[in-house]
Amino acid sequence: MKNEDFDVIVVGSGPGGSTVAKEMSAYGKKVLLVERGGNWMSLGNTLSIAMIMQWWPLIFSKQANVVMSASNYGGASVISCGAAVPPPKKVFSKIRLDLSAEAEEARSELWIDTLPDELVGKTNMHLLDAANDLGFNWSKMERFVDASRCVPGCSDCMLGCPRSAKWSARIFGDAALRNGATISFNTRITGIIKENGKATGVSGWKWGRPVKFYAKKIVLSAGVGNVGILRRAGIPEAGRSFAVDWLQFIGAAIPGMNTVHEQPMAVGTLEHYESDGIIILPVFPNWSMLASMLAMKGPAALSWMRNAFGSTGIMVKIQDELAGEIFPDKFLYTSSKEPSAQDKKRLAKGVSIVRQVLKRAGAKGSSIIELKPSGAHPSACCRIGEVVDINLQTRIENLYCCDASVLPESLGLPVVWTAVSLGKRLSKHINGQLG
Ligand SMILES: Cc1cc2nc3c(=O)[nH]c(=O)nc-3n(C[C@H](O)[C@H](O)[C@H](O)COP(=O)(O)OP(=O)(O)OC[C@H]3O[C@@H](n4cnc5c(N)ncnc54)[C@H](O)[C@@H]3O)c2cc1C
């Protein structure tokens, strides 16, 4: 390949990367989108999760905590719950970054809406009523879901949505392809090619063979995958402390109720977010995830599997403190992180609220189970102000990051809308530079 074959190379096809690929190709730029994973098409079953999470990225920390991530076309958005929350001012006003225009622009492109009650589901509505009876402030959540393609009683959002009713970053990746972009699957980028201190390309592997691609601008949107690439390029501070937005599932058996067959995170509350960094939304792992999470609690907890297909579950998610480290080159574990004292306090406060709601909804105290906390969103490992500047450029000219890794701190909220807003903002900036 000759130098500057492309205007822009984007590494990683999650929400951040696919947005940059779509926007830059719409500006008429020559774009290459590179994705480590493949393009697994059979969605809506347990095998989908295994295929989308292939390569097991950042799964175990040294302390045996699990953090979820994904490596396939569309990144983690393919297995997301579809909950839509805009970029929080609480986080971005601290660094004087206003994403409101980009977030508004993204609203219609991401199919954001609230769903009618029949799609939200009986159990979700029952939990909402129980919480509000107790004086909490629950409401329906906005979702990235096209109601015309969704069906009542389906909860397959986290299995990849077999009806294409849920927005995923593949929608933007496909739009980039229609705009003339090139996409290279099964291609893992490992290095940055530099000339005179400036980034001019990327190197990596495709099916065991070395590859090199060149462009005027390089955008890393590989999430935690950015850390290894940046360290090898001479930015050692990448991955030193990060956020995971600890979450904890609390399940119960309530006669006649069942969140397993209802839309995840379709109702809930953000009322404790500003004060305590806590959000509470009904969702529970599917049977395969539940089995492994019960096993982590110890063999005695496995007997709870009898409730697997009739459980009502609520999740607590928190803004966690920056801590730990990502180890891109370790094999057995790829990170080190565990909940801090403050993280545990926040989780405990959320769990006590959830217990009240479950009991009000009809759960017996003895049926309630608290699963072990796990990491929801690996993020903030290449933070704005430390690894990248406010325009998301690293100290290597022409090398940018754009995804959840640049968050200045834990979001403690669904991330997709924010990653897309960052992608739109960066695209305007790069287009201005390329002219
Ligand atoms: C189970 C689950 C449910 C979720 N539910 C919601 C929800 O309801 N709402 C919401 O807003 N958010 C949700 N999230 C979070 C959200 O999906 C992620 O935070 C978001 O996808 C992060 O976007 P990103 O742009 O940082 O990239 P990612 O989605 O992390 O994608 C990064 C991509 O880069 C690729 N990559 C990595 N390394 C390399 C490399 N070296 N070379 C090439 N490619 C590479 C990966 O394969 C991956 O495809 C959920 C996450 C999970 C796991």
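Proximity of backbone amide H atoms, modeled 1.01 Å from N, is registered between E237 and no other residue at under 5 Å, excluding neighbours fewer than 5 places apart on the same chain. Kirkwood hydrodynamic radius of the stretch 1-133, from the reciprocal of the average inverse Cα-Cα distance over all distinct pairs: 18.3 Å. State the Cα centre-to-centre distance between the stretch 218-278 and the stretch 179-212 in whole Å. Using only Cα atoms to place each centre, the spacing works out to 28 Å. Shape class of the stretch 275-370 from the Cα gyration tensor (axes a ≥ b ≥ c, square roots of the eigenvalues): oblate, since a/c reaches 1.5 or more and a/b does not exceed b/c. Sorted fewest first by neighbouring Cβ atoms within 10 angstrom, D156, D320 come out as D156, D320.
Rounded, prolate or oblate: which fits the stretch 320-388 when a ≥ b ≥ c are the square roots of the eigenvalues of the alpha-carbon gyration tensor, with rounded for a/c under 1.5 and prolate only if a/b beats b/c? Because a/c hits 1.5 or more and a/b exceeds b/c, the stretch 320-388 counts as prolate. Comparing Cα centroids, the stretch 136-176 and the stretch 359-435 end up 20 angstrom apart.
The Cβ shell under 14 Å around W304 holds other residues with a net charge of +3, Lys and Arg each +1, Asp and Glu each -1. Each residue of the stretch 205-214 was assigned a 3J(HN,Hα) from its phi angle through the Karplus expression (A = 6.51, B = -1.76, C = 1.60, θ = phi - 60°), giving 9, 10, 6, x, 10, x, 9, 9, 9, 10 Hz with x at Gly and Pro.
According to the calculation over all Cα-Cα pairs in the stretch 152-253, the P(r) per 5 Å bin from zero is 2, 8, 13, 15, 16, 15, 13, 8, 5, 3, 1, 0, 0 %. Put simply, the amide H of F6, placed in the peptide plane, has neighbours under 5 Å in Y214, A215, K216, leaving out anything fewer than 5 places away on its chain. A simple rule links phi to the HN-Hα coupling: the Karplus curve 6.51 cos²θ - 1.76 cosθ + 1.60 with θ = phi - 60°, which for the stretch 295-302 gives 4, 5, 7, x, x, 4, 5, 4 Hz, with x for Gly and Pro.
Between P152, P299, P373, the residue with the greatest mean-square fluctuation in the GNM of the chain (Cα pairs under 10 Å linked by springs) is P299.
With 23 Å as the limit on Cα-Cα distance, the pairs of K206/K330; K194/K337; K297/K317; K62/K194; K22/K194; K22/K337 that go past it are K194/K337; K62/K194; K22/K194; K22/K337.
Sum up the charges of everything whose Cβ sits under 14 Å from the Cβ of G197, counting Lys and Arg as +1 and Asp and Glu as -1, but leave G197 out. Around G197, the charge tally is +1. When L134, L270, L407 are arranged by Cβ crowding within 10 Å, least crowded first, meaning fewest neighbours, the order is L134, L270, L407. For the stretch 6-434, with equal point scatterers placed on the C-alpha atoms only and solvent neglected, what are the log10 I(q)/I(0) values from the Debye formula at q = 0.06, 0.10, 0.12, 0.14 1/Å, to two decimals? The Debye formula, applied to the Cα set alone, gives -0.23, -0.64, -0.93, -1.27. What is the sum of charges around R178, taking Lys and Arg as +1, Asp and Glu as -1, for the other residues whose C-beta is under 15 Å from the C-beta of R178? Here the count lands on +1.
Residues whose amide H falls under 5 Å from that of S340, counting only those 5 or more places apart or on a different chain, are E321, with hydrogens built in the peptide plane. In order along the stretch 247-257, phi translates into HN-Hα couplings of 10, 9, 8, 10, x, 7, 9, 10, x, x, 10 Hz, rounded to whole numbers, per the Karplus curve 6.51 cos²θ - 1.76 cosθ + 1.60 with θ = phi - 60° and x for Gly and Pro.
Looking at the chain alone, DSSP beta bridges between its own residues are antiparallel in about 70 percent of cases. About its Cα centre, the dipole of the stretch 6-434 is roughly 940 debye, where the only charges are +1 on Lys and Arg Cβ and -1 on Asp and Glu Cβ. When the Cα gyration tensor is reduced to axis lengths a ≥ b ≥ c, the ratio a/c is 1.5 or higher for the stretch 84-146, and with a/b not above b/c it is classed as oblate. Distance between the C-alpha centres of the stretch 1-52 and the stretch 308-354: 29 Å, rounded to the whole angstrom.
No value in this document is a laboratory result; all are computed from the given coordinates. Predicted model, so just to flag it, every value in this text is computed and none were measured. All Cβ positions, glycine included, derive from the backbone under ideal geometry; neighbour counts span all protein chains shown.
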